[in-house]
1. Give the residues of segment 639-659 that are crowded, with 17+ Cβ neighbours inside 10 Å, out of contact with any Asp or Glu (no Cβ under 8 Å at 6 or more places or on another chain) and part of a loop (DSSP other than H, G, I, E, B), sorted by residue number.
2. Do you know which of the residues in segment 193-243 that are of a type in the set (F, W, Y) and part of a helix (DSSP H, G or I) is surrounded by the most Cβ atoms within 10 Å (Cβ to Cβ)?
3. In segment 110-128, is there at least one residue being of a type in the set (G, A, S), in a loop (DSSP other than H, G, I, E, B) and touching a Pro at 6+ places or on another chain (Cβ under 6 Å)?
4. Restricting the search to segment 449-488, which residues are modelled with pLDDT under 80 and either closer than 24 Å to L335 by Cα or among the small types (G, A, S) (or both)?
5. In segment 502-523, how many residues are open to solvent by 10 Å² or more (accessible area, probe 1.4 Å) and under 30 Å from N331 (Cα atoms)?
6. Just to be sure I understand, how many residues within segment 96-109 are part of a loop (DSSP other than H, G, I, E, B) and touching a residue at least 24 places away in the same chain (Cβ under 8 Å)?
7. Within segment 347-374, restricting attention to residues that are under 19 Å from N72 (Cβ atoms) and of a type in the set (A, V, I, L, M, F, W, C), which residue is nearest to the chain's Cα centre (by Cα)?
8. With respect to the numbered conditions (1) in contact with a Lys or Arg (Cβ under 7 Å, 6 or more places away or on another chain); (2) open to solvent by less than 40 Å² (accessible area, probe 1.4 Å); (3) assigned to a loop (DSSP other than H, G, I, E, B), which one is the sole condition not fulfilled by A662?
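The values are calculated or read from the model by the stated rules, or taken from the named source; none is laboratory data. Everything quoted here is computed from the prediction, not taken from an experiment. Quick reminder, even Gly has a Cβ in these numbers, built from the backbone with ideal geometry, and neighbours come from all protein chains shown. Surface areas here come from the heavy atoms of the whole protein model, side chains and all, with no ligands, DNA or RNA. Shrake-Rupley method; radii C 1.70, N 1.55, O 1.52, S 1.80 Å.
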Amino acid sequence: MKNIKNKIAITGLVLMSLYMGACSDSLLEEHPRSSFTADYFKTPEGVASGLTALYQNLRQEYGGYYLSACENSTDEYTYGNSADNNQWDIDMTPGRGAGITSSTCRSDVLWNAMFANINTANGIIQYGDAESNASLIAEANFFRAFDYFMLVQTFGGVPLDFGSGELQFNTSAATTSVRNTVPYVYTKAIFPDLLKAIDNLPETGRYVSGNMNAGSTATKTLARLYLAKAYLTYAWWLENPNNISTYPKCDRTDPDEHNASWYFQQAYNIATTAIANPGPFGLQPTFYDLNVASNDRNNEQLLYADHIGNNDFYNGGGSNGGGNVGSPQNNACWLTTWNYTLIGNGTPVQREESQDLGRPWSRMAPPVEVFTKTFADKTNDSRYDGTFTTVYRGNWNKSGAADATIKTPTLTNANGLSIAPGDPVLTFLNEDDDAIQYPADFKGTSGLGLGTLAGRSDYVVGPSAISRGVYPNLWKIGPVGPADASTVIGTNAANSSNIRPWFIAKFSELFFIAAEAAVKGAATQAVAGPYNNDGTARGLINVIRARAGKWSWDNGGNVAKVLNNSDAMTAATPATIDIYYILAERSREYFGEGYRWYDLVRTQTWSEIAATYSICESPATNTTDHTPKPYTRTAIDDHYYLRPIPSSQISSLSMSDDEKTAYQNPGYK
């Protein structure tokens, strides 16, 4: 393999050294340290500090612009009316942006953060006392595998040698590097590390205090989830059904001489073992319970990038975002929130630091098909109601403003009717209705083109009238603010950094992994334990769908709703499950959480599923039409299945132009 010089930013970094503590409800009790050394990792304090740095660094990867890299250009999101190149370029819609480039692709978040993490894990594994700290070192094994798994899915083959040898702690400023092949990275790093993690990690995380759950640190169940997912992904890579190219170039053969079928079977076996032996983990009773902010850190969450309120340092960047949506803050919810403050007269819906509202940015908008196809069943399936904010209610009474208009007890809304605080101001309807009267000028009603229905005091929008500027917020990742209502209203409050965790891994995904492996031919068997089922793809998916049919709260109605539609949900599941149904269910379960691009790339269905979409244009540019406009994205060629290595990395290479070109993934400059 060609030896390519590369100046990877591994050493010389100012890393955050962290100590575990039990004096706070946050996982992260942080104390600065300028660097890590080999001798330091030989001490208990060094192992603890290094591990906590790995947890802290999750905040560098999740909760910011990286969401655009995972969602834009899929069937879940396109660009919103206030987007910029962070969304335009990667969305691949002609006429907007320069296309995916090495300078604007937000997958740079992974490249820029994960090599330092891997080197920290290398130090713990290489120098830590394995005999007395086996379970702690297993956490480092997990994180090294996790980081390499994310990198290899995103960029293809990546280097295992940073200058001191493969998977060795590097203390020198290395100037040469080799990009190892995809199968080499899987079989030499990812699989061995996850197997060690499963052997040595505990069933219950080592930090359980206050509102922290049993998954606050790495566990056997978490490692099993990622080993099953890595086996599944690698099996698809070996099978390569659509002949997608890879880089560095290599044969799609396994060094251990296993075929794709063997890995699909291993994925099934590992996932069903975890389902049958959940330990302290499991499914939350309802989808609402899983996602409501008051129940964060529940036992379905296996891994999360943690944040804590009331402390700028521990929250990872500051309570007031100040316009910054980048890591380490958790402000991804801004991207998916439209400017609801334009609704109606007298500002009936003001910015509020609450899960249904938050800071409007309008960077990402869901296409019409999300509401007409993905979430077609909004009656039995609770996941639509538990995913989006569909009703916007008056909150002007919470404001401390002196303006008499704001303080008035009622305001005039749709059809000239009065509304009081708490009443619906705008409702996104479940279905289109021919009786909706939209203004002849799409810019009517505060420039939003909102519709009315006779006798209703709230404005309404049907699914087919969803536009780049008016769409339901992504409720499930929305912000949470302090309990004192006087501090959550207004621009400053809504601009504050979200203090919720960003959820990375969930127990529920084990069912999807096993079902997908079964669809790909894995031999099935009955799954025992609390989630007993027949082990078929349909049986596994129906565990998830049964939960989706259970309601404990109605977000749209803002009332308790105890209802069980499980029988209707499971009866509606097709007798024969295929990969497209698996992907549709995954979208309903994980919509907007950063799974989608990886799902479509893994299954090589990206172009088939996401090449076209429809949406109404922004009210600012479309004055008369509420008919969705169809779009066809730029051809999703093979090379797009890998993201570009960041231009900042390429520009730092000490090599010839030809060597730099060879280091970059094909098709990118």
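1. Of everything in segment 639-659, those that are crowded, with 17+ Cβ neighbours inside 10 Å, out of contact with any Asp or Glu (no Cβ under 8 Å at 6 or more places or on another chain) and part of a loop (DSSP other than H, G, I, E, B) turn out to be L642, R643, P644, I645, M655.
2. Of everything passing the filter in segment 193-243, Y234 is surrounded by the most Cβ atoms within 10 Å (Cβ to Cβ).
3. To start, the set of residues in segment 110-128 that are of a type in the set (G, A, S) comprises 113, 116, 121, 123, 128.
From what is left, the residues that are in a loop (DSSP other than H, G, I, E, B) are 128.
Imposing the further condition that a residue be touching a Pro at 6+ places or on another chain (Cβ under 6 Å) reduces the set to none.
Taking every residue of segment 110-128 in turn, none turns out to be of a type in the set (G, A, S), in a loop (DSSP other than H, G, I, E, B) and touching a Pro at 6+ places or on another chain (Cβ under 6 Å).
4. The first filter runs over segment 449-488 and keeps only residues modelled with pLDDT under 80, leaving 481-488.
Those that are modelled with pLDDT under 80 and either closer than 24 Å to L335 by Cα or among the small types (G, A, S) (or both): G481, P482, A483, A485, S486, T487, V488.
5. 3
6. Narrowing segment 96-109 to residues part of a loop (DSSP other than H, G, I, E, B): 96-107.
After this cut, where a residue has to be touching a residue at least 24 places away in the same chain (Cβ under 8 Å) as well, the list is 99-103, 105-107.
Final tally of qualifying residues: 8.
7. M364
8. Unmet for A662, out of (1) in contact with a Lys or Arg (Cβ under 7 Å, 6 or more places away or on another chain); (2) open to solvent by less than 40 Å² (accessible area, probe 1.4 Å); (3) assigned to a loop (DSSP other than H, G, I, E, B): (3).
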